[in-house]
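The values are calculated or read from the model by the stated rules, or taken from the named source; none is laboratory data. As the structure is a prediction and not an experimental result, all values here were calculated from the model. FYI the Cβ positions are ideal-geometry reconstructions off the backbone, even for glycines, and counts take in every protein chain you see. SASA here: full protein model, heavy atoms, side chains in, ligands and nucleic acids out. Shrake-Rupley method; radii C 1.70, N 1.55, O 1.52, S 1.80 Å.
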Amino acid sequence: MTTGAPTPTYPARPRRSRLRTFLPLGIAAWLVLEIWLLTVVAGASSGLTVFLLLLAGFVLGAAVIKKAGRRAFQNLNEALQRGGTPQSGGGNGLLMLGGLLLMIPGLISDAVGLLLLIPPVQKALSCLTERTLDRKLREAGPGTFGDAFQQARIHRPDGKVVQGEVIRDEPGGDTPQDPRPPLSR
């Protein structure tokens with residue numbers, strides 16, 4: 001029985017991105033390859049050798065992460081004492097990623113982690129990442145996360161970020177509040 005009302009049309013489901021489709025398959029293939037490579041190396045030498053390789057990778061990765069974290073914390077403290085913001089491009093994020101990959105058991109992840117510890121590779125990868133992120137933010141359509149991020153960035157004509165302050169008007173409260181104490185002395 002029809003009532004004459006048009007049948008509702010539901011919007012088409014958005015296409016699933018390639019990343020969401022192939023990322024789980026890539027991770028599964030990577031894990032299988034890591035396990036296979038560990039068994040090949042264990043068969044060629046011994047299980048103790050593989051264990052010592054994995055232990056050395058874990059210890060080296062922990063040392064790298066500790067060093068990069070300490071350097072990032074020092075940069076933050078120095079910037080706060082100067083009253084500015086920390087410098088970008090320190091490479092601490094890539095160092096930490098390299099250390100994390102060294103800590104993950106596996107020989108392929110160790111090789112990629114060691115590659116990320118090389119300064120020219122870090123510089124090239126950070127430049128590539130920055131260009132890709134800028135391009136993606138420019139391509140972001142209205143109403144997306146990238147658009148919100150782009151609107152939140154306020155730049156002066158010389159390209160520097162303008163420092164700002166958020167002032168909240170709370171209803172019923174005309175009493176001024178004391179400013180927060182400085183973060184460092």
Each label sits 7 Å from Cα toward the beta-carbon; between LEU76 and GLU130 the label points are separated, in nm, by 2.2
Using a 10 Å cut-off on Cβ atoms, rank the peptides 37-49, 127-139, 62-74 from the highest mean neighbour count down.
62-74, 37-49, 127-139
Calculate the FRET efficiency for VAL112 and ARG168 from the Cβ-Cβ distance with a Förster distance of 45 Å, rounded to the nearest 0.05.
0.50
Expressed as a whole percentage, what fraction of the accessible surface of segment 43-134 belongs to carbon and sulfur atoms when a 1.4 Å probe is rolled over the protein heavy atoms?
70
Listed peptides 98-105, 111-118, 20-27 by packing density, highest first (mean Cβ within 10 Å)
98-105, 111-118, 20-27
